[in-house]
Amino acid sequence: MSEPAGLELAAVTKRYGRTVAVDGISLRVPAGTYCCLLGPSGCGKTSTLRMVAGHEEVSDGDIMLGGEVINGLPPARRGTAMMFQNYALFPHLDCLDNVAFSLKMRGIGKADGRERAHRMLQLVEMDAYAGRLPAQLSGGQQQRVALARALITDPRILLLDEPLSALDPFLRVRMRAELRRFQKDLAISFVHVTHSQEEAMALADLIVVMNGGRIEQVGSPREVFNAPSSLFVARFIGGHNVIEDGPGATGGAVAVRNDLVRLVDAATLGGGGPGDGEIRRSGRVAGIEFQGSVVRVTVAADADLELTVDVAERAFFDNPVGLGDPVVAAWKPEDAHALTGGSA
Amino acid sequence: MTGQPRGAAFWILALVFALFVLFLYGPTIAIVLLSFQGPDGGLTFPMNGVSFHWFAKLYEGVGVVDIWAAFRRSIRLGLVVMGLTVVLSVAAGLAFRRRFAGSGPLFFVTVASLIVPSICVSLGIGLEFRLLDDQVNAMGGDFPWLVDGFTTTMGLFTSGLGAHLTWTLPFGLLIMFAVFNRFDRSYEEAARDLGATAWQTFRYVVLPIIGPSLIGVALFGFTLSYDELARSSQAIGDVNTLPLELQGLTTTVTTPEIYALGTVTTAVSFVVIGLALALILWARRRQERRGSDAGQGMV
């Protein structure tokens with residue numbers, strides 16, 4: 001296996017004519033990191049990945065892998081390997097020949113190449129299917145073969161373009177655990193593009209939230225979830241109430257996690273009510289969604305402020321509220337996280 | 001199906017369709033039937049006995065023209081046109097995947113060749129080659145060996161080949177457009193990612209994937225050339241292709257022999273189409289066999 005290498009982007013820009021797809025982003029991904037590029041479609045995450053892979057030219061800036069500038073090199077000489085969105089397995093070749101493809105292109109003997117391809121298929125537990133064509137495999141099996149085909153090139157970093165989007169939801173959860181396991185075993189960096197915050201949180205050591213060609217926030221899933229840096233991140237990552245004219249100290253917008261907001265029955269308010277110093281908003285229950293371990297209650301406060309409160313399932317049914325009931329949503333000031341950055 | 005009685009619309013449409021099919025295949029069927037006319041039979045129904053008499057006559061030769069030489073010429077020309085159509089269409093199809101300066105006008109000029117009346121194209125080609133002949137003759141003053149026995153630059157594989165390509169290439173290009181429209185570029189990127197050169201990508205990835213469609217292009221190239229008449233008429237030179245001979249024979253031959261000839265040429269077309277289909281089937285079977293793990297205890 002190759003030495004794992006750190007990836008660094010320095011003011012990388014991608015322009016298509018007059019449109020700027022990626023706007024001077026800088027990023028450092030340490031060796032052996034599972035990194036997710038997260039953002040809505042058109043945010044520049046795929047362009048960024050494709051520039052690292054060498055399938056898109058860099059308009060400006062530098063890409064370094066293991067300290068070496070790679071943005072002038074052809075894809076195969078960068079030490080990167082890419083797994084494509086629909087895997088792009090060659091439909092006319094069986095699994096073994098797909099995996100052995102890069103060896104054949106490099107002029108490695110047929111027997112030697114097949115031997116190595118078999119070993120790689122064993123690694124992804126697909127050796128039993130070596131003679132099958134891609135069309136005869138399930139989505140999850142195709143992903144494993146695509147992984148084997150990428151890994152046989154001994155990459156120092158693996159680039160994955162929405163690898164789970166072609167799978168059904170059930171399989172998606174299983175395959176993402178598999179991806180995580182492979183990354184840990186191989187100890188090389190994976191850079192994984194996704195628009196699913198759930199996927200990013202489940203997989204990543206490092207989440208890079210992108211929007212409009214720029215990086216909004218870089219951090220561990222916990223950091224990003226607990227301290228979203230901007231309105232955009234708070235909204236995109238989900239699970240937060242964004243209050244634009246927040247009564248916090250700053251007077252700017254704040255974000256409060258849904259599960260850190262408490263529901264207080266309007267009737268119990270009064271003398272000796274809930275903890276002092278809490279911020280309260282009164283309103284009416286506008287929606288109740290049972291979600292299993294939590295019940296999601298929507299509270300219509302004021303004219304155009306809607307708050308979402310995640311109440312633990314037990315707590316909700318111990319003290320249930322109904323649609324239209326007057327309620328008060330309350331949270332501690334220290335749980336309100338001030339947001340910076342432009343509107344979203 | 002449901003047990004409901006068919007409405008009037010169904011029967012009307014069925015009748016229209018039946019008439020259409022009859023119109024499409026009726027003439028061919030009539031010719032094939034009449035080619036088995038008895039020795040005393042004429043050019044029209046009724047059949048006067050059934051025999052291979054006219055095929056035997058055909059085999060001996062038709063009047064003064066060497067029909068089998070024309071047949072061989074048509075096959076040879078058809079095969080060359082087929083090969084060139086495939087190679088040039090693929091190359092052009094690859095080129096048109098990128099926008100290049102003048103790609104729009106070039107496309108329209110190419111396809112316009114289908115719109116211009118064939119006979120005009122043919123006349124034009126004939127005129128061009130006559131100009132070329134004049135040039136060659138003019139140079140004869142300086143290079144006498146050049147015009148020694150020279151008659152014309154027109155011929156089966158010069159002007160004739162060109163005329164046929166003006167007909168087959170636009171079709172080939174249009175098919176390639178459809179093929180590459182459906183072609184997923186990520187296959188090529190994956191190949192590049194795996195270290196394939198541009199040529200290796202084409203040879204080991206693009207070509208095998210589009211291969212089955214190329215059989216279709218080849219088939220088009222051959223059959224369009226094999227029964228081409230109008231474009232060949234003024235541009236073929238001294239010798240004739242089979243359709244040209246056939247046209248000549250319709251005015252001079254007054255026996256069912258001409259029907260026998262029609263039956264043979266139709267049969268050749270069918271054989272070519274059948275071969276192409278068999279080739280596609282064979283390719284598909286081979287791939288399925290390769291991909292099959294039946295009997296290996298797999299689930």
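The values are calculated or read from the model by the stated rules, or taken from the named source; none is laboratory data. As the structure is a computational prediction, the values presented were derived from the model and not from experiment. With ideal geometry, Cβ positions are generated from the backbone for all residues, glycine too; neighbour counts draw on all protein chains shown. Quick note on the areas: whole protein, heavy atoms, side chains included, nothing else; ligands and nucleic acids left out. Shrake-Rupley method; radii C 1.70, N 1.55, O 1.52, S 1.80 Å.
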* Structure fact -> Counting only residues that are open to solvent by 10 Å² or more (accessible area, probe 1.4 Å) and within 23 Å of A:Ala76 (Cβ to Cβ), segment A:113-133 contains a total of 7
* Filter segment A:112-145 for residues that are within 14 Å of chain B (Cβ to nearest Cβ) and of a type in the set (Asp, Glu); which is farthest from the chain's Cα centre (by Cα)? -> A:Asp127
* Selected residue (only one of B:Arg76, B:Arg72, B:Arg6 is open to solvent by 80 Å² or more (accessible area, probe 1.4 Å) and over 25 Å from the mean Cα position of the chain (by Cα)) -> B:Arg6
* Structure fact -> B:Thr152 fails exactly one of (1) touching an Asp or Glu at 6+ places or on another chain (Cβ under 7 Å); (2) without any contact (Cβ under 8 Å) to a residue 60 or more places away in the chain, namely (2)
* Asked: Given the conditions (1) within 14 Å of chain B (Cβ to nearest Cβ); (2) open to solvent by 50 Å² or more (accessible area, probe 1.4 Å); (3) in contact with a helix residue (DSSP H, G or I) (Cβ under 7 Å, 6 or more places away or on another chain); (4) at pLDDT 90 or above, which single one is not true for A:Ala166?
  -> (4)
* Checking A:Gly109 against (1) more than 11 Å from every other protein chain (Cβ to nearest Cβ); (2) crowded, with 23+ Cβ neighbours inside 10 Å; (3) closer than 23 Å to B:Pro208 by Cα, which single condition isn't satisfied? -> (2)
* Name every residue in segment A:90-106 that is buried (at least 24 other Cβ atoms within 10 Å of the Cβ) and more than 7 Å from chain B (Cβ to nearest Cβ), in order of residue number. => A:Cys95, A:Asn98, A:Val99, A:Ala100
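Residue-by-condition table, conditions (1) under 30 Å from A:Thr80 (Cα atoms); (2) within 14 Å of chain A (Cβ to nearest Cβ); (3) surrounded by fewer than 20 Cβ atoms within 10 Å (Cβ to Cβ); (4) at pLDDT 95 or above:
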position	(1), (2), (3), (4)
B:Gly172	no, no, no, no
B:Arg182	yes, yes, yes, no
B:Pro208	yes, yes, yes, no
B:Gly211	no, yes, yes, no
B:Ile215	no, no, yes, no
B:Gly221	no, no, no, no
B:Ser225	no, no, no, no
B:Glu228	no, no, no, no
* Structure fact -> Condition set within 14 Å of chain B (Cβ to nearest Cβ) and charged (D, E, K, R), scope segment A:39-73, selection surrounded by the most Cβ atoms within 10 Å (Cβ to Cβ): answer is A:Arg50
* Would you be able to say whether some residue in segment B:233-243 is under 30 Å from B:Pro46 (Cβ atoms), assigned to a helix (DSSP H, G or I) and in contact (Cβ under 8 Å) with a residue 60 or more places away in the chain? => yes
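Inspect segment B:249-260 for any residue being away from chain A (no Cβ under 14 Å), surrounded by 15 or more Cβ atoms within 10 Å (Cβ to Cβ) and within 30 Å of B:Arg130 (Cα to Cα) and give the result as yes or no. Steps first, please.
So the first thing to find is which residues in segment B:249-260 are away from chain A (no Cβ under 14 Å), and the list is B:249-260.
Within this subset, residues satisfying the condition of being surrounded by 15 or more Cβ atoms within 10 Å (Cβ to Cβ) are B:249, B:253, B:255-260.
Applying the additional criterion that residues be within 30 Å of B:Arg130 (Cα to Cα) yields B:249.
There is at least one residue in segment B:249-260 that is away from chain A (no Cβ under 14 Å), surrounded by 15 or more Cβ atoms within 10 Å (Cβ to Cβ) and within 30 Å of B:Arg130 (Cα to Cα).
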* Structure fact -> In the set B:Leu165, B:Leu161, B:Leu146, the lone residue that is crowded, with 19+ Cβ neighbours inside 10 Å, away from chain A (no Cβ under 14 Å) and part of a helix (DSSP H, G or I) is B:Leu165
